[in-house]
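Okay, handing you the structure first.
No lab work stands behind these numbers, since they all come straight from the coordinates. Bear in mind the structure is a predicted one, so any value in this text is a computation, not a measurement. When we count neighbours, we look across all protein chains shown, and the Cβ atoms used for this are built from the backbone with ideal geometry, even at glycine.
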Amino acid sequence: RLGSYFGVTSGVLVVRTGADAPFTLQDGDVILSIDGRTPSSAQHAARILRSYQPGEKLKLRVQRDRRAIDVETTAPGTSRAPR
């Protein structure tokens, strides 16, 4: 029933992002895909997001305010220059 409320049939609901929200996500976003990969659960979405190196760019497809949008963002953390 939450899917119809958010206007989606699948995806992972972002319940709370916290004060320093990584990946430019907002409370209430529904993650539809991460660089074209469709997460099947919150744990799966977290695994996908953790696979990115700090500073690496990625694109999230999210449902926000009942509209699907693409959010270009950068993986949090400090990227390290190769030695």
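Given a Förster radius of 22 Å and the C-beta distance between residue 35 and residue 64 as r, what FRET efficiency does 1/(1 + (r/R0)^6) yield to the nearest 0.05?
Efficiency computed from Cβ-Cβ geometry: 0.80.
Okay, moving on. Could you please state, rounded to a whole Å, how far the C-alpha centre of the stretch 1-46 is from the C-alpha centre of the stretch 54-79?
If we compute the Cα centre of each part, the gap is 11 Å.
Please give the calculated 222 nm ellipticity per residue for the chain, where each DSSP H segment of at least 4 residues contributes -39500 (n - 2.57) and the sum is spread over every residue; nearest 500 deg cm²/dmol? Present the calculation step by step, with values, prior to reporting the outcome.
Working: 2 runs with 14 residues, N = 83.
Result for the chain, helices only: -4000 deg cm²/dmol.
Using label points projected 7 Å from each Cα along Cα→Cβ, tell me how many nm separate residue 20 and residue 53, to one decimal.
2.2
Can you list the equivalent-ellipsoid semi-axes of the stretch 1-72, largest first and in whole Å, using the square root of 5 times each Cα gyration tensor eigenvalue?
For the stretch 1-72, the semi-axes come out at 19, 13, 12 Å.
Another question, if that's okay. Under 10 Å from the Cβ of residue 36, count the other residues' Cβ atoms, weight Lys and Arg +1, Asp and Glu -1, and hand me the total.
Details: positive: 37, 59, 61; negative: 35.
Residues near residue 36 contribute +2 overall.
Let me ask something else. Quick one: if you stick a label point 7 Å off each Cα along the C-beta vector at residue 42 and residue 71, how many nm between them?
Inter-label distance under the simple model: 1.6 nm.
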